Each structure stands twice: as C-alpha cells, then as structure tokens.
Amino acid sequence: MTPEAAPWDKMAGRWDAPELPDFDVLKRIARDQLIYLLEQLPGKKDLFIEADLMSPLDRIANVSILKQHDVEKLYKLENKMVQGVSEQLCFLVRPRIASVKHVAEIVNADKAGGRLRKYKIIFTPQKFFMCETVLEEEGIFGDVTFDEWTFYLLPLDDDIISMELPEFFRDYFLEGDHRWICTVAKALHVLYSLFGPFIKTYGIGRCAKMTYELWKEMVEDSENEIKPRQAGIGRVFFLDRDVDYVTPMCSQVVYEGLVDDVFRIKCGSVDFGSEVTSSNKSVKVLLNSQDKVFKEIRNEHFSNVFSFLSQKARRLQTQYDKRQGMDIKQMKDFVSQELKSLKQEHRLLSLHIGACESIMKKKTKQDFQELLKSEHALLEGFEIRESTSCVEEHINRQISPLESLRLMCLLSLTENGLISKDYRSLKTQYLQSYGYDHILTFANLKQIGLLTEQQPGETLTAVESTMGKLVTDKAVGKLTDAFSSLARKSHFRALSKRLNLIPRTEEEYDLKVPRDMAYVFSGAYIPLSCKIIEQVLERGSWAGMEEVSRLLNNNEFITIERSLDAGYSCSAQRIILVVFLGGCTFSEIAALRFLGKEKGYKFVFVTTAITNSFRMLESLLES
C-alpha cells in the first residue's frame with residue numbers, strides 16, 4: 001500500500017489519517033466475561049485481587065459494578081494473612097506459583113480452624129498446568145473451583161493496547177520460557193476475529209515467528225466459525241524486543257516518555273504527588289487522548305512543551321474573559337455550555353505545568369544535558385573513552401544503580417560489547433559501589449545480550465554456526481534460544497550505517513518542526529525498531545534488507561493473508577497493527593505516530609507491556 005491511495009490534506013501538508021476501529025469493545029467483552037464468572041458463585045462473596053491486577057481491573061470494572069454483582073468486600077492479595085468475612089471467597093490472580101500458594105494458605109487456615117467456605121480461583125489471562133500441580137501439592141485441589149478470565153487486551157488509548165504482561169520480557173528473553181507465546185497468539189486472534197482479516201503480515205525475531213505460526217494455526221482451526229466482514233485493520237508487523245535494545249536504553253525526551261521515566265505511568269494513568277499538585281494530596285490522572293492538554297503535548301520534544309502550555313494558558317484566560325460584558329442569557333449559556341469544560345482544562349493545564357516543573361528540577365539535579373551529550377556521543381561512535389569515564393563517574397558518585405547499569409548497557413550495545421579491560425573494570429567498580437549481590441544481575445545482562453564482553457576472534461560465531469546445523473528440531477528450540485543469547489551481538493554500528501540511523505546534517509536540528517523520527521531523541525538517533533518498520537512498509541517486503549536481516553539473525557518473514565481485491569477499504573489498508581513482543585517505549589510510539597502523519601498510515605500499538613530502561617533492568621535484577 002502506498003500513500004498515494006490516501007487522501008491528501010493540502011492545508012496540513014500531509015496525508016489524512018484513517019479512522020481507527022473502536023477498541024473499547026475489548027473492555028466491554030472483558031467486563032461481561034468477568035461478571036459472568038462472578039455470577040457462577042451466586043450470593044455474597046469477598047473478592048481477593050492480586051496487586052498488579054488492581055489497576056487493569058479498575059479500567060474494566062469499577063467497585064460499583066463489582067458491588068452490583070454481590071461482591072461484598074475487596075481485598076488486595078498480599079503476603080499478610082487476610083481471611084475475609086463472607087462464606088464465599090473469590091480470588092482473581094495471575095497464573096503464578098506464589099499467588100496460588102498464598103490462596104492455599106488462606107484455604108488451609110480455614111481448614112485448620114474448622115471453617116467451611118466455598119472458594120473460587122479465577123486465573124487471568126489463562127491457567128497453566130503448574131497451578132493445578134501446586135494446588136495438589138498444597139492439598140486443596142478438591143476444595144476449590146477454578147476458571148479462566150481470558151482478559152488478554154486492555155485498550156489504554158485510541159491506538160495503544162496493552163496485554164499487561166511485564167513478566168513476558170524476562171520469562172522469554174532471559175529464561176527461555178515460551179508459555180506466554182500462546183497467550184499473545186490468542187490475544188492476536190481476538191483482534192483478528194473482531195477487526196480482521198489482515199492483508200499482509202510482516203515480522204522479525206524468533207519469538208515473532210513462533211507467535212505468528214501459532215496464531216495462523218488458530219486461524220485455520222476457526223476459519224469456518226468467523227463470518228465474512230469488512231476488515232478494520234490492514235497489516236500486522238511483529239517485532240521482538242531483542243531486535244532493538246538500544247532504543248529503550250536511551251533517555252526519553254518526548255513529554256510522555258519523560259512522565260513515564262519520572263512518575264511511572266501505570267496502566268495508562270499516573271499519580272502526581274504534592275510536588276506537582278502544590279497541595280498535600282496526590283492526584284491520579286488518566287493520560288489519554290481524552291485529556292485535551294495532554295493530547296497536544298504527549299508526542300512533543302520536552303523543549304517545546306513549556307511554550308505550548310503558556311500559550312494554552314493565555315487562550316484559556318481569553319475564553320474566561322469573554323464573561324465580561326455578557327447579558328444574563330449569554331452568561332447562562334456560557335455557564336451551561338463552556339464553563340465546566342474550561343475548568344477541567346484549567347485543572348489539567350495546572351497539573352501538566354506542575355509536572356513539567358518537577359521534571360525540570362529532577363533532570364537539572366542529574367545534569368541531564370551532560371548525560372544526553374554522552375549518550376549522543378555513544379550513538380555516533382565518538383569520544384568512547386570520555387563516555388566510559390562518564391559511566392565511571394556515575395558509578396563512583398553512586399547516583400543510581402539502575403542509571404549506572406543503563407549507561408553501561410548503552411555503551412556495550414553501541415560498541416558491540418565492551419573490551420575485556422573495560423568490562424572487568426566497570427563491573428568491579430559497580431559491585432564495589434552497589435554491592436556484590438549484583439553479580440547475578442551481570443550474569444543476566446550478559447546472557448540476554450545487554451551487557452557483554454567482546455570475545456577474541458570469531459570463536460562464538462563458529463560454535464553458533466555448528467549448533468545451527470545440529471539443532472533443527474522444534475523440540476529443542478529452547479536450547480537454540482539459550483545458545484543464541486550467549487552468542488548474541490548487537491551489530492549496532494553496522495545497522496546504524498546501513499539504515500542511516502544517525503542523521504548527518506550541517507544544520508542545527510529543528511525540534512519545533514522535526515523532519516524525521518530522530519526528533520524523539522533530540523535529532524541524534526532514529527529508533528532502530530521504527531526505522532525497520534518504515535523501510536519494510538516502504539518496500540512492501542524485506543527485499544533490499546537482506547544485510548539488515550542477516551545482522552539481526554535472519555528471523556524475518558512476510559506473508560500475504562488476503563488479496564487487495566477482497567473488499568478492503570482504503571482506510572483499513574492504511575491501518576497497521578504493530579505487535580511489540582517484550583514491551584515498547586513511549587519514544588517508539590511517538591516516532592511511529594510521526595511517521596504515520598508523514599506517510600498516511602495509522603499505527604495501532606499492541607504490546608506485552610509499556611516499558612523503559614528502568615523497567616527492563618529491574619526485571620533482570622537479582623539483588
């Protein structure tokens with residue numbers, strides 16, 4: 001599909017955006033299914049909810065909806081013992097051993113006290129066999145009933161859908177655990193059944209390939225069940241997180257990314273504390289396109305945000321001033337039609353100004369500009385010794401264990417591993433500064449390919465090649481995964497040169513009127529993941545990208561699912577579903593939104609979770 005098929009907006013100087021499908025239907029389906037499962041336990045009941053399910057549940061069914069369906073009390077499932085008051089207990093949990101053991105403690109405490117109650121466990125998004133095994137080992141298998149809440153997808157905004165599976169990254173890319181691949185394939189099948197069929201499928205990465213193949217089996221098994229309909233989505237692009245580790249390790253400078261880095265956006269909302277609200281209370285704010293202020297600044301480079309907010313404040317004041325000289329009827333109309341929305345906009349404007357001021361204070365304290373200069377030098381391959389000294393300074397000043405690790409990882413990724421002398425020196429300094437309990441963290445980082453030591457010669461490559469010939473059976477795919485992670489190299493320099501990831505220009509980069517996706521990193525770097533997507537969509541295939549795919553371990557694929565004459569609207573052809581396996585960052589989302597505006601695409605982001613450098617590194621910590 002070329003942009004020529006899209007309507008051109010002469011005034012805006014870009015292609016008209018196609019209309020997105022209504023993804024809120026996913027929330028309605030999830031809510032109806034949860035209500036059905038709760039009603040399978042008729043009468044009054046207490047509901048125990050696992051901690052990291054509370055925010056997603058709040059987006060689906062609030063407390064009043066749960067109360068309407070006989071939920072008497074809500075409890076957070078924590079390590080401390082809470083037994084509830086009702087004669088029926090319902091547990092909403094992830095399929096984790098620790099969660100099942102905690103449920104078993106509550107049930108066994110009842111049994112020890114001679115109290116008989118009904119127990120129901122609802123696993124989401126699915127139940128794994130190991131959960132039943134733990135129930136048997138704890139001696140409560142016959143005392144509980146269990147079910148699955150197939151809550152795979154949570155729309156966070158018009159174009160962002162999260163599976164809320166932050167553990168996917170560690171489980172697959174570090175542990176080689178494939179259990180979540182089926183979950184992702186089922187999630188994709190839900191989207192296919194509602195908004196498909198798709199025209200073309202692209203992908204790169206071992207996990208992407210496996211997910212695609214499993215999903216295709218599901219499509220073939222259910223082909224007769226899905227009725228023919230007008231497609232809502234044209235193409236799908238699968239991408240593994242390990243294809244591009246550099247991007248999440250870079251400091252984010254678009255507003256939404258900075259808010260996530262500083263305040264932690266959780267499930268599409270953020271808690272602004274007293275430093276933002278200028279009061280004793282914290283405020284929970286939903287960050288999506290319904291927030292008129294946030295919608296206009298979310299993808300902006302942070303340097304542009306203050307000027308926009310000051311202009312917005314002046315416009316709001318002008319609208320308030322309209323009250324002067326109004327007669328009674330005009331004042332009545334103003335109060336009933338405009339005043340409420342103006343007050344809401346004013347409240348949100350105050351919060352975003354407060355957030356900006358807080359971000360500025362924190363980043364000034366951290367010498368953020370100097371940090372960005374060091375990062376840009378690393379990306380460009382200049383002043384490596386100076387950058388290494390900068391990392392050492394961070395470690396020795398004990399600024400932050402995660403920040404120091406991030407810089408070490410970025411140095412390693414951009415240089416295709418650290419030379420042995422630097423690796424050992426930095427590792428020793430880090431362990432001396434932050435504690436020797438981080439030794440296992442370094443093993444994890446090395447295994448996953450984030451922080452590696454350069455190997456002499458081509459020893460690993462030769463062994464990897466031999467293993468590639470020997471290991472072909474799918475049954476030993478985990479061994480292949482584990483081995484390839486040991487031999488993984490970033491090849492960033494070669495990829496950067498091949499794809500022109502570092503813009504070369506004599507002029508200063510204009511962040512107010514960006515010319516390419518590099519603006520999300522101050523004009524210094526185009527995200528590798530986004531550049532791959534752009535190039536493949538432009539070509540319509542992987543043709544001419546052979547060298548790139550070779551450097552990325554040759555796991556690319558493309559399939560034509562349906563012909564273009566099969567009743568696809570022009571709008572559907574321009575909607576592209578991008579599936580990030582292992583998480584995506586707000587910087588990547590902003591970059592692809594920019595690309596969409598320039599080229600006439602509309603991207604929909606489906607991710608196992610929203611991530612950033614701190615979340616990725618936290619998941620690998622072993623301290």
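The values are calculated or read from the model by the stated rules, or taken from the named source; none is laboratory data. Note that the structure is a prediction, hence the values are computed from the model and not measured. Glycine gets a Cβ as well: all are built from the backbone with ideal geometry, and neighbour counts include every protein chain shown. For accessibility, only protein heavy atoms count, side chains too; no ligands or nucleic acids. Shrake-Rupley method; radii C 1.70, N 1.55, O 1.52, S 1.80 Å.
Here segment 45-83 is the region considered, the condition is being assigned to a loop (DSSP other than H, G, I, E, B) and out of contact with any Lys or Arg (no Cβ under 6 Å at 6 or more places or on another chain), and the residue that is nearest to residue 267 (Cα to Cα) is 62.
Only one of the listed residues (205, 234) is in contact with an Asp or Glu (Cβ under 9 Å, 6 or more places away or on another chain) and either open to solvent by 10 Å² or more (accessible area, probe 1.4 Å) or more than 26 Å from residue 103 (Cβ to Cβ) (or both). That residue is 205. Filtering 242, 261 for residues that are of a type outside the set (Lys, Arg), more than 22 Å from residue 372 (Cα to Cα) and assigned to a helix (DSSP H, G or I) leaves a single hit, 242.
Being in contact with a Leu (Cβ under 6 Å, 6 or more places away or on another chain) and surrounded by fewer than 21 Cβ atoms within 10 Å (Cβ to Cβ) is the requirement here; does residue 269 meet it? Spelling it out, residue 269 is indeed in contact with a Leu (Cβ under 6 Å, 6 or more places away or on another chain) and surrounded by fewer than 21 Cβ atoms within 10 Å (Cβ to Cβ). Restricting 103, 71, 63 to those that are within 28 Å of residue 26 (Cα to Cα) and within 30 Å of the chain's Cα centre (by Cα) reduces the list to 63. Taken together, 560, 610 contain a single residue that is open to solvent by 10 Å² or more (accessible area, probe 1.4 Å), within 14 Å of the chain's Cα centre (by Cα) and under 21 Å from residue 185 (Cα atoms), which is 610. Looking at residue 224 and the list (1) buried (at least 22 other Cβ atoms within 10 Å of the Cβ); (2) over 20 Å from residue 559 (Cβ atoms); (3) modelled with pLDDT under 95, which single condition is not satisfied? Status for residue 224: all satisfied but (1). Taking first residues from segment 57-70 that are modelled with pLDDT of 90 or more and partners that are buried (at least 17 other Cβ atoms within 10 Å of the Cβ) and polar (S, T, N, Q), the Cβ contacts under 9 Å between residues at least 6 apart in sequence or on separate chains come to 70/88.
Being closer than 21 Å to residue 272 by Cβ, open to solvent by 90 Å² or more (accessible area, probe 1.4 Å) and either at pLDDT below 65 or not β-branched (Val, Ile, Thr) (or both): is that true of residue 343 here? For residue 343, the condition - closer than 21 Å to residue 272 by Cβ, open to solvent by 90 Å² or more (accessible area, probe 1.4 Å) and either at pLDDT below 65 or not β-branched (Val, Ile, Thr) (or both) - is met.
Considering 512, 497, which residue is open to solvent by 10 Å² or more (accessible area, probe 1.4 Å), touching a residue at least 60 places away in the same chain (Cβ under 8 Å), within 24 Å of residue 373 (Cβ to Cβ) and charged (D, E, K, R)? Criteria check complete, one pass: 512. Of the strands (runs of 3 or more DSSP E) lying entirely inside segment 85-186, the ones with 1 or more residues being touching a helix residue (DSSP H, G or I) at 6+ places or on another chain (Cβ under 8 Å) and more than 25 Å from residue 208 (Cα to Cα) are found at 88-93, 118-123, 144-148. Mind checking which residues of segment 269-303 are within 15 Å of residue 587 (Cα to Cα), of a type outside the set (Lys, Arg) and in a loop (DSSP other than H, G, I, E, B)? 299, 300 - these are the residues of segment 269-303 that are within 15 Å of residue 587 (Cα to Cα), of a type outside the set (Lys, Arg) and in a loop (DSSP other than H, G, I, E, B). Screening the candidates 362, 373 for the property of being modelled with pLDDT under 90 and surrounded by fewer than 21 Cβ atoms within 10 Å (Cβ to Cβ) yields one hit, 362.
Per the conditions (1) over 24 Å from the mean Cα position of the chain (by Cα); (2) open to solvent by less than 40 Å² (accessible area, probe 1.4 Å); (3) of a type outside the set (Ser, Thr, Tyr), the sole criterion not satisfied by residue 111 is (2).
Scanning segment 32-44 for residues that are in a helix (DSSP H, G or I) and open to solvent by less than 70 Å² (accessible area, probe 1.4 Å) yields 33, 34, 35, 37, 38. Out of all the residues in segment 534-548, is one or more among the small types (Gly, Ala, Ser), farther than 21 Å from residue 21 by Cα, modelled with pLDDT of 90 or more and surrounded by 18 or more Cβ atoms within 10 Å (Cβ to Cβ)? No. The set of residues in segment 390-411 that are out of contact with any Gly (no Cβ under 9 Å at 6 or more places or on another chain), of a type outside the set (A, V, I, L, M) and open to solvent by less than 60 Å² (accessible area, probe 1.4 Å) comprises 390, 392, 394, 400, 403, 404, 406, 409. Among the conditions (1) touching a His at 6+ places or on another chain (Cβ under 9 Å); (2) under 28 Å from residue 153 (Cβ atoms), residue 79 misses just one, which is (2).
Output yes when any residue across segment 118-129 is open to solvent by less than 20 Å² (accessible area, probe 1.4 Å) and more than 23 Å from residue 61 (Cβ to Cβ), and no when none is. Scanning segment 118-129, I find no residue that is open to solvent by less than 20 Å² (accessible area, probe 1.4 Å) and more than 23 Å from residue 61 (Cβ to Cβ), so the answer is no.
A quick yes/no check of all residues on (1) of a type in the set (D, E, K, R); (2) under 24 Å from residue 525 (Cα atoms):
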| position | (1), (2) |
| --- | --- |
| 278 | no, no |
| 289 | no, no |
| 292 | yes, no |
| 303 | no, yes |
| 311 | no, no |
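Of the listed requirements (1) open to solvent by less than 50 Å² (accessible area, probe 1.4 Å); (2) touching a Lys or Arg at 6+ places or on another chain (Cβ under 9 Å); (3) not aliphatic (A, V, I, L, M), residue 585 misses just one: (2). When we screen 164, 148 for residues that are surrounded by fewer than 22 Cβ atoms within 10 Å (Cβ to Cβ) and not aromatic (Phe, Trp, Tyr), the only hit is 148. Just one of the listed residues (219, 190) is under 21 Å from residue 159 (Cα atoms) and aliphatic (A, V, I, L, M), and it is 190.
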